[in-house]
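Notes for the one structure printed next.
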Amino acid sequence: MPVIEYIDAIRLAMKEEMERDGDVFVLGEDVGLKGGVFGTTKGLQQQFGELRALDAPLAESAIAGVAIGAAMAGMKPIAEMQYSDFMFPATNQIISEAAKIRYRSNNDWDCPVVIRAPIGGGVFGGLYHSQCPESVFFGTPGLKIVAPATAYDAKGLLKAAIRDPDPVLFFENKKCYRLISDEVPDEDYIVPIGKSKVMREGADLTVIGYSMPLHFAMQAAEELSLEHGIEAHILDLRTIQPLDREGILEAAAKTGKVLIVHEDNKTGGVGAEVAAMIAEELLYDLDAPIRRLCGPDVPAMPINPPGEKHFLLNKEKLKTAMLELARY
Amino acid sequence: MKQAGSVQHNYRHSSLGLSDERVVAMYKTMMMARRFDERGQLLQRAGKVNFHISGITQEPSQVAMGFAMDTENDWFLPYYRDYGFVLSLGMTVKELMLSLFAKGEDPNSAGRQMPGHFGSKRLRIVTGSSPVTTQVPHATGFALAAKMRGEPSVALVTFGDGSSNQGDFHEGCNFAGVHQLPVIFVCENNQYAISMPLSKQTRGRICDRALGYGFPGIRVDGNDPLEVYRVVKEARERALAGEGPTLIEIMTYRVTAHSTSDNDLAYRTKEEVEQHKSKDSLPVFKQYLIDAELWSEEQEADLQTEIRAVIDEANEYAEKAPFQSIEDAFRHVFAEHSGEGK
């Protein structure tokens, strides 16, 4: 099976879906000849023409709003936000419109739009090219939100998002673009929305998370195994809305010790809901208090190297937190 | 305003390509919208419904817009005062009444949304919301879809003068201008955004904003529905010919309070309102039809009786109709099975 980069998995998903279905198209800033600022849409305009890889004026609310209109008209648009930090002008369109169209029309209208936005830091992007805005949209009924950590899931989840009859926010991690490569089959497949995946089996503690920090957890887990004989069970949520309740409870029950990780800041983050879910249903199965390791509650990460490093999660931070929890 | 020509068969409506039947139908629709709207206000005052929002005096231009469009192919994105517009597109008084009473059979939202939040896929009326102007980029999206698929569809979106200040107005117009999309942006400038007069919203003319986006902006007298018809029809023809969007600013006036929750005399005078009421184009249009020998006082009396009966019946039906069941009221957050709605 070929090993490909996370960013190529995203591009391939769009290319294959555009080949498969003439209603699928991508729009956003610089998505045309340039192929996006990260190169995610490279080659799509050459293959599919100007309309289906559509350069949009620099105006995020219109990128989302026009995509929503086209989706209601029966198209399957993929709206690209250049950075998730810049998608806030589109928040009204996403929360007031896309999320509510089916419900408010009593199922008369629907809005099968995909909104892709790169999240995460570690690229010296400073405050406004590094954020994780999941919690802004999380908890909005009517939206599905996915955040893959691997190339395999990125491709399969994006295909599932494009085929989904409802609006899906696709948060791709920009640090993963070229850093993460894994096996991706040539054949068509999807990763179902709403299903988590066990990344690593273990009996001593459970790590639950999504996106980039899971790779730190995997590295830390290998070292803990070698150095301390501690085996971590790692669950990739993959979809953060709707959360895979069953998968979460199963993973938590397996070890009775839960560490939740994400790069988005701790307060009001996805981890709070995961923790509440476990507390509601499994409190007496726990052998330790639920722990969260997340981005600090500051507005966003600084660009200076020590500041950025201090903000971000890494293997060492994960290892320390996991070891402490395992020994609790 | 010269309403009728002196020579028979040279009436304004004929020269615009409107048949005698159509121009009479326009008048009937305007009157239906007016009477429905008046009933809505009464029902709210009587405590029968919780809320009503009015489009009185805006109906003639709204109906003219609807009659200028192709209901088989075009897309419509109305705003909350557009009773005349949606009636001209085929929505019935019964449907509007079901929405007013928030009943389950309401095709707009099954009684989930406030009245005036239109939507009907059958009638190509796109579901709308309360945060104003979000529908403008949607219209651009519908026009983009039409262009991509080579369909002969034009999207017409309406909004108020207050909405012309929202980012979504500018973003939607600019996008449509860049890609020369078949869309008509219609600002129903009724001079007020709740309590705020136009002078506190903008210093310029709203129609002139089209200049900045590279397409025509036309200001038209909303009390001259035949002129509104002509302008919208031309904009539609331009759109279909691939010549891009048009911004139309319909000059009108809101004679009612913003809604039944507003007391407009807190910010404007009765005299000002009365002055504008005297410019109501509904009686003028009726006189035009009489002058053209298409209408008579007898027909008028019959029409009023007929409308009264239709509204009474719809009123009674909607009042008695059930609300959506609680089990159903929380459905359709997501598709219930794959492929739903396709």
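Computed quantities for the displayed model
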{"item": "Matching residues, the stretch B:112-124, being more than 9 Å from chain A (Cβ to nearest Cβ) and in contact with a Phe, Trp or Tyr (Cβ under 7 Å, 6 or more places away or on another chain)", "result": "B:M114, B:P115, B:G116, B:R124"}
{"item": "Filtered residues of the stretch A:119-143 (kept if more than 15 Å from the chain's Cα centre (by Cα) and away from chain B (no Cβ under 14 Å))", "result": "A:G122, A:V123, A:F124, A:G125, A:G126, A:L127, A:Y128, A:H129"}
{"item": "Matching residues in the stretch B:100-126 - criterion: being among the aliphatic types (A, V, I, L, M), in a loop (DSSP other than H, G, I, E, B) and under 14 Å from B:A321 (Cβ atoms)", "result": "B:A102, B:A110"}
{"item": "B:A309, sole failed condition from (1) under 22 Å from B:V93 (Cα atoms); (2) more than 14 Å from chain A (Cβ to nearest Cβ); (3) in contact (Cβ under 8 Å) with a residue 60 or more places away in the chain", "result": "(3)"}
{"item": "Odd one out for B:L198, checked against (1) touching a Leu at 6+ places or on another chain (Cβ under 7 Å); (2) more than 30 Å from A:A79 (Cβ to Cβ)", "result": "(1)"}
{"item": "Flag if B:S164 is surrounded by fewer than 20 Cβ atoms within 10 Å (Cβ to Cβ), at negative phi and under 22 Å from the mean Cα position of the chain (by Cα)", "result": "no"}
{"item": "In the stretch A:186-214, residue farthest from A:A13 (Cα to Cα) [restricted to those that are out of contact with any helix residue (DSSP H, G or I) (no Cβ under 8 Å at 6 or more places or on another chain) and touching a residue at least 12 places away in the same chain (Cβ under 8 Å)]", "result": "A:E201"}
{"item": "Elements of type helices (runs of 4 or more DSSP H) contained in the stretch A:269-328, each with 2 or more residues being among the hydrophobic types (A, V, I, L, M, F, W, C)", "result": "A:270-282, A:315-326"}
{"item": "Test: B:E336 is loosely packed, with under 13 Cβ neighbours inside 10 Å, more than 14 Å from every other protein chain (Cβ to nearest Cβ) and part of a loop (DSSP other than H, G, I, E, B)", "result": "no"}
{"item": "Residue tally, condition more than 12 Å from the chain's Cα centre (by Cα), within 14 Å of chain A (Cβ to nearest Cβ) and either without any contact (Cβ under 8 Å) to a residue 24 or more places away in the chain or part of a loop (DSSP other than H, G, I, E, B) (or both), over the stretch B:70-99", "result": "3"}
{"item": "Output for the stretch B:244-265, where each listed residue is surrounded by 21 or more Cβ atoms within 10 Å (Cβ to Cβ), in a loop (DSSP other than H, G, I, E, B) and of a type in the set (S, T, N, Q)", "result": "B:T252, B:T256"}
{"item": "So B:S109, is it in contact with a helix residue (DSSP H, G or I) (Cβ under 8 Å, 6 or more places away or on another chain), among the hydroxyl-bearing types (S, T, Y) and at the interface with another protein chain (Cβ under 8 Å from one of its Cβ atoms)", "result": "yes"}
{"item": "Residues (surrounded by fewer than 23 Cβ atoms within 10 Å (Cβ to Cβ), touching a residue at least 12 places away in the same chain (Cβ under 8 Å) and outside any loop (DSSP other than H, G, I, E, B)) located in the stretch A:234-250", "result": "A:R245, A:G247, A:L249"}
{"item": "Looking only at the stretch B:125-161, and only at residues there that are buried (at least 22 other Cβ atoms within 10 Å of the Cβ) and touching a Ser or Thr at 6+ places or on another chain (Cβ under 7 Å), the one that is farthest from the other protein chains (Cβ to nearest Cβ)", "result": "B:F159"}
{"item": "Yes/no for A:E222 being in a helix (DSSP H, G or I), within 25 Å of A:K144 (Cα to Cα), modelled with pLDDT of 95 or more and more than 23 Å from the chain's Cα centre (by Cα)", "result": "no"}
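Residue-by-condition table, conditions (1) over 26 Å from A:V123 (Cα atoms); (2) surrounded by fewer than 23 Cβ atoms within 10 Å (Cβ to Cβ):
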position	(1), (2)
A:K15	yes, yes
A:L27	no, no
A:L58	no, yes
A:I68	yes, no
A:S84	no, no
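The values are calculated or read from the model by the stated rules, or taken from the named source; none is laboratory data. Owing to the predicted nature of the structure, the values given are computational and were not obtained by experimental measurement. Methodologically, a virtual Cβ is constructed for each residue, glycine included, from the backbone with ideal geometry; neighbour enumeration extends over all protein chains shown.
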